[in-house]
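See structure below.
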Amino acid sequence: MIGLFYAQNTGMQLNFIHNQSLASQAGQTIPMLDPSDGQVFDHIQRSTAADIDQAVQSSRQCFEGPWAKINAAERGRLLMALSRKVAEHADELMQLEQRDCGKPTQQAMADARALVRYFEYYAGACDKFHGETIPYQNGYSVLTWREPHGVTGHIVPWNYPMQIFGRCVGGALAAGNVCVVKPAEDACLSLIRVAQLAAEVGFPAGAINLVTGYGHEVGDALAKHPGIDHISFTGSPTVGTLIQQAAAERHCPVTLELGGKSPQIIFADADLDAAIPVVINAIVQNAGQTCSAGSRVLIEKIIYEPLLARLGEAFSKLRVGPAKADLNLGPLIRASQKQRVQGFLADAQAVGIATVAQGVVVSDAPESGFYQAPVLLRDVPFNHRVAQEEVFGPVLSAMSFDGEDQAVQLANATSFGLVAGVWTRDGGRQFRMAKRVRSGQVFINNYGAGGGVELPFGGVKSSGHGREKGFEALYGFTTLKTVAIHHG
Ligand code: NAD
């Protein structure tokens, strides 16, 4: 049956359930827009709770049937085969993601490569993750087993579909779970293809099921389904709250990867030549639609003006255009996202926040595309909404600080705590700042470390809880059983 209903480039994408491409039971669809020109280029299934139910039942069958017979080393081989298959199809996947999300070619290809790497990393982890023995009273042997949760639900956002699929599904499978995935309605074509590729390399039916549709319909149905044993959610704090509430009703464990308002803290002794391109990339990558975007730059007072001038000069050279033009930035995901970003800019302007510089939308970018020039704002009051809320667009808020204490105060003065960058040559200060900044990751004299598949990732405060990526993710994707044997 595998592949019988594949619908590549036919203008209609299907769900992938039990290794079959299926239309949703209700027979409705959602149009997909190309952010570069705003035109409809494909359709996905507008699934309902009935499709989620079918997917969960299929995954349960798989978990208790064929998947239970596959040992850890074999799981690793399957994941490695999938990694190789994705590498063979990297160009195809890159193009799907590019059209869906409006990503410049280099970014879309980096995402395809990250997916390869996630599967490769977790392939190697499968048979190296295990429990322990615990010294206890005489006459006892006590051991712990790391057991998979079972059928795991994965709700994925539109900004990095392939990367986020790789980290949550890769980790969940490596730990012995099976997965029901609900990608975002704005961008999911690459993931439909990856689910098909997984079937081709031998994942049993139900190991990876994928159901598309609106969040408030199928996402909600997935979060509330009694057959889901663990939920991994990546998305906005607002929806994260709904997911946690749904999970709380039935005491289902949840990992929440939410947003951020991450600071880049630049001290006067920093290597500014090294910092400037990284600070800029951290806010313009994926047109600022990155949870870990460095959206606030905190600059030590003594270098505030000269550094702002240099950042401004670099900003004014940034170019925005259609995804395929492969410029510094592509379009935003949809018209409402552009309106949202412009709303923040209008609010900033209304209180007199000045613009240092902005980039340029190229003249041949279609008017119907969702383009937004990157903007550098100065002297942003720390409590203004542009410095507090996630803009999710290419807007960088600059402010100055005087000394370490004030830097820490400003860095921690939002409800988020995902990532922070600290730029200084002072070794003692590097450690002090890393300890005092409240966030899930701190990068010293770099930012993001090139994606870091191996590096545990997640937030504190409104940025969420639980960790994905790296070996650490395997703890979250398993539960611990303690076995005490009295043998005398
Ligand atoms: P979103 O919360 O609107 O949607 C995320 C996913 O949740 C989508 O698949 C959506 O369909 C689904 N969803 C929406 N409403 C739902 C509901 N009521 N019940 C269940 N599911 C529902 O977020 P978005 O706009 O797609 O993505 C942007 C957000 O994601 C930003 O806040 C960003 O910071 C965050 N994000 C976080 C990380 C991270 O790892 N921390 C990574 C990427 C994006």
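The values are calculated or read from the model by the stated rules, or taken from the named source; none is laboratory data. Please read these numbers as outputs of a predicted model, since none were measured by experiment. Here Cβ is always computed from backbone atoms with ideal geometry, including for glycine, and neighbour counts include all displayed protein chains. Accessible surface areas use protein heavy atoms only, side chains included; no ligands, DNA or RNA. Shrake-Rupley method; radii C 1.70, N 1.55, O 1.52, S 1.80 Å.
Rolling a 1.4 Å probe across all protein chains gives W423 an accessible area of roughly 10 Å². Here, region 160-218 has an Rg and a Dmax of 11.1, 33 Å when only alpha carbons are counted.
In the full protein context, region 260-331 carries 33 Å² of accessible surface per residue, based on a 1.4 Å probe and ignoring ligands, DNA and RNA.
As a ratio to 2.2 N^0.38 Å, the alpha-carbon radius of gyration computed for the chain takes the value 1.00.
So for region 217-352, Kirkwood radius off the Cα pairs, Stokes-Einstein at 4 °C and 1.567 mPa s: how many µm² s⁻¹? Using the Kirkwood radius from Cα pairs, D works out to 72 µm²/s. Rolling a 1.4 angstrom probe over region 263-452 with all protein chains present gives an accessible area of which 50% lies on carbon and sulfur atoms. Largest accessible area first, the residues H251, H384 order themselves as H251, H384 under a 1.4 Å probe with ligands, DNA and RNA left out.
The H216 and Q342 beta-carbon pair, evaluated with R₀ = 30 Å, returns a calculated FRET efficiency of approximately 0.75. With everything on Cα atoms, drop me the angle between helix 161-174 and the longest principal axis of the chain, reported from 0 to 90° to the nearest 10. Around 40 degrees separate the two axes.
With K and R counted +1 and D and E -1, the other residues having a Cβ less than 11 Å from that of G359 yield a net charge of +2. Panel note: the C-alpha atoms of region 353-488, placed on their principal axes, show extents of 80, 44, 27 Å (largest first).
With no solvent and one point on each alpha carbon, what is the Debye value of log10 I(q)/I(0) for region 377-457 at q = 0.22 Å⁻¹? Per q value, in the given order, log10 I(q)/I(0) is -1.23. Charge dipole (Cα centre; +1 on Lys/Arg Cβ, -1 on Asp/Glu Cβ; no other charges) of region 367-439 amounts to roughly 360 debye. For region 263-452, a crude dipole built from +1 on the beta carbon of Lys and Arg and -1 on the beta carbon of Asp and Glu, taken about the Cα centre, is about 400 debye to the nearest 20. Paramagnetic label reach from N138 (point 7 Å along Cα→Cβ; backbone nitrogen cut-off under 12 Å): within region 452-488, residues 488.
In region 263-452, the DSSP beta bridges split such that about 15 percent are antiparallel, to the nearest 5. Packing-based ranking of 351-357, 313-319 yields 313-319, 351-357, ordered from highest to lowest mean Cβ neighbour count within 10 Å. Treating each Cα of region 230-302 as one equal point scatterer and applying the Debye formula with no solvent, the log10 of I(q)/I(0) at q = 0.15, 0.17, 0.24, 0.28 Å⁻¹ comes out as -0.63, -0.71, -1.00, -1.18.
Starting from the Kirkwood radius over alpha-carbon pairs of region 263-452, derive D by Stokes-Einstein at 10 °C in a medium of 1.306 mPa s and give it in µm² s⁻¹. Diffusion coefficient, whole number: 96 µm²/s. In a simple Cβ point-charge model (Lys, Arg +1; Asp, Glu -1; nothing else charged), the chain has a dipole of about 660 debye relative to its Cα centre.
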